[in-house]
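J.: The structure that follows is given in the form of structure tokens.
Derivation of every value follows stated rules applied to the coordinates shown; laboratory data play no part. Note that the coordinates shown come from a computational prediction; the quantities given were computed from them, not determined experimentally. When we count neighbours, we look across all protein chains shown, and the Cβ atoms used for this are built from the backbone with ideal geometry, even at glycine.
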Amino acid sequence: MTITCPTRRWQYVLTGLMALAGAVLGPLPRASATARVEAVLQPEVTVRGTQIRLGDLGVLRGDEQLAAQAREIVVGQAPLPGHTRDLDPNYIRIRLRQHGMDPEAITIVAPPRVRVHGAAHRVTPEEQIRQAEAAVRRLCGEVDASDLLIEAVRPPAPLVVPEGEVEILADAGSAAANEGLRTVRLEVRVDGVPAATTHVTVRVQRLTPVWVAARALVVGSQLSDADVKIERRAVSSLQRPLPADQPVAGLRTRRALPAGAILTFGALEAVPDVRQGDTLALTVRHGAIRVRATVRALESGTLGDQIRVALPGGREAHARLTAPGAAELTAAWE
């Protein structure tokens with residue numbers, strides 16, 4: 001006779017019911033761990049410093065204690081200031097696991113890649129030139145500095161430094177700023193720490209009052225006060241500019257001059273009082289004797305010039321112009 005234990009009989013029944021339920025309903029779903037923190041990453045971010053932390057890349061929501069811990073996890077090295085680096089979300093997940101973070105505890109919502117920019121401050125060429133110019137002017141004092149024209153020989157390259165409190169120190173040396181080339185050393189500091197060094201070469205020129213054309217002048221223009229003005233310009237001795245204390249009204253241009261052109265001795269000439277071919281009243285002096293004759297000018301000239309004249313009979317002589325239409329010759333015969 002076989003005796004069946006009631007407890008075992010009920011186990012068989014439960015097993016059969018579970019098998020029947022599995023056949024009808026299919027396998028039961030597996031329980032999944034609910035993420036305690038969600039990290040929403042931005043497609044582009046800017047990072048200061050040398051390391052990228054998860055908190056730099058976006059917003060973390062959820063369990064505050066876990067989120068605070070995750071924000072400080074370093075997921076990579078930051079790019080240099082002004083440069084970029086792309087991060088793959090899968091790489092970020094690997095970095096989290098390397099720091100002992102349970103991957104099931106954090107859900108990362110991210111674009112295909114996160115572009116990280118190194119935070120930077122750009123020191124423009126214009127700012128570098130201003131600093132170099134100011135350093136040179138400081139060597140001259142307030143009076144002399146106003147007489148200088150300071151220009152960069154060539155524009156410097158932009159400087160890219162980390163973000164922060166930027167200070168530029170310019171060193172132009174200790175000697176007074178004379179005309180010529182001078183190299184100024186620039187040191188850029190960020191938050192008091194040296195970040196970059198460069199040099200700017202400038203040309204120093206003295207400003208001198210000179211005559212310039214107030215408007216465009218054609219060849220042969222006889223100058224009036226309305227045609228010219230005085231400006232302070234940087235000039236060289238090779239240009240031979242007309243100084244501001246020399247009158248120019250009445251002079252004539254030898255070539256066309258644009259507005260603003262510096263008036264030089266080579267560009268102007270005196271308007272001749274006598275032109276080639278003019279008839280002159282010539283006075284020949286010999287002691288107390290005065291002989292007058294009519295002659296023809298063989299070249300143009302102004303009062304006081306010695307010009308060649310054609311005497312009666314075809315001979316030539318040199319006579320001094322004494323007045324418009326008049327000349328004088330001192331005879332040397334016995």
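J.: For every other residue with a beta carbon closer than 13 angstrom to the beta carbon of residue 61, add +1 if it is Lys or Arg and -1 if Asp or Glu, then tell me the sum.
T.: Numbers: positive: 36, 71; negative: 38, 63, 64.
Result for the local shell: -1.
J.: Can you figure out the FRET efficiency of residue 236 with residue 290, using R₀ = 56 Å and their beta-carbon distance, to the nearest 0.05? Mind showing how you got there, number by number?
T.: Values: r = 50 Å, r/R0 = 0.90.
In this case the efficiency is close to 0.65.
J.: Looking at the chain, what % of its DSSP beta bridges pair antiparallel, to the nearest 5? List each step's numbers first, then the result.
T.: Details: 71 of 84 bridges.
Among the beta bridges of the chain, antiparallel pairing accounts for roughly 85 percent.
J.: Amide H neighbours of residue 53 under 5 Å, at least 5 residues apart or on other chains, H built in the peptide plane: list them.
T.: 75
J.: What residues qualify as long-range amide H neighbours of residue 166, i.e. H under 5 Å apart, gap of 5 or more or another chain, H built at 1.01 Å from N?
T.: It is 191, by chain and number.
J.: Continuing with this model, one more query. In a shell of Cβ-Cβ distance under 15 Å around residue 82, excluding residue 82 itself, what net charge do Lys and Arg (+1) and Asp and Glu (-1) give? Let's see the in-between values first.
T.: On the way: positive: 48, 85, 115, 122; negative: 44, 163.
Summing Lys/Arg as +1 and Asp/Glu as -1 gives +2.
J.: Each residue of the stretch 287-300 in turn: what ³J(HN,Hα) in whole Hz from Karplus with 6.51, -1.76, 1.60 and θ = phi - 60°, glycine and Pro shown as x?
T.: x, 8, 8, 10, 10, 10, 8, 9, 10, 10, 6, 8, 7, 7
J.: Please check which bits of the stretch 282-304 a label hung off residue 328 would reach, taking the label as a point 7 Å along Cα-to-C-beta and the cut-off as backbone N under 13 Å.
T.: 282-291, 304
J.: Now for a different question. Using modelled backbone amide H atoms (1.01 Å from N, in-plane), which distant-in-sequence or interchain residues come within less than 5 Å of residue 206's amide H?
T.: 149
J.: Sticking with the crude label model, points 7 Å out along Cα→Cβ, report the distance from residue 138 to residue 208 in nm, one decimal please.
T.: Result for the modelled spin labels: 3.1 nm.
J.: Moving on to the next point. Note down the net charge around residue 329, summing +1 for each Lys or Arg and -1 for each Asp or Glu among other residues with Cβ under 9 Å from its Cβ. Intermediate results must be reported in sequence, preceding the final value.
T.: Details: positive: 285, 320; negative: 328.
Net local charge, residue 329 excluded: +1.
J.: What helices does the chain hold that run 24 Å or longer along their axis, going by alpha-carbon atoms, with a Kyte-Doolittle average of -1.0 or more, using DSSP H for the helix calls? Spell out each step's value before the answer.
T.: Numbers: long enough: 6-25 (28 Å, 0.62).
Counting only whole DSSP H runs, the qualifying helices are 6-25.
J.: For Rg and Dmax of the Cα atoms in Å, pick the label among (1) 19.7, 59; (2) 47.0, 186; (3) 21.1, 67 that corresponds to the value derived from the coordinates.
T.: (2)
J.: Read phi for every residue in the stretch 265-281 and hand back ³J(HN,Hα) as whole Hz from Karplus 6.51 cos²θ - 1.76 cosθ + 1.60, θ = phi - 60°, with x for Gly and Pro.
T.: My calculation for the stretch 265-281 gives 4, x, 8, 10, 8, 6, 6, x, 7, 10, 9, 4, x, 5, 8, 10, 8 Hz in order.
J.: Let me ask you something else. Between residue 165 and residue 261, with labels modelled 7 Å along Cα→Cβ, what's the label distance in nm to one decimal, could you check?
T.: If labels sit at residue 165 and residue 261, their model points lie 5.5 nm apart.
J.: How much length is gained on full extension from residue 245 to residue 51, taking 0.36 nm per residue of separation minus their Cα-Cα distance?
T.: Details: separation 194, 0.36 × 194 = 69.84 nm, distance 6.76 nm.
Roughly 63.1 nm would be gained on extension.
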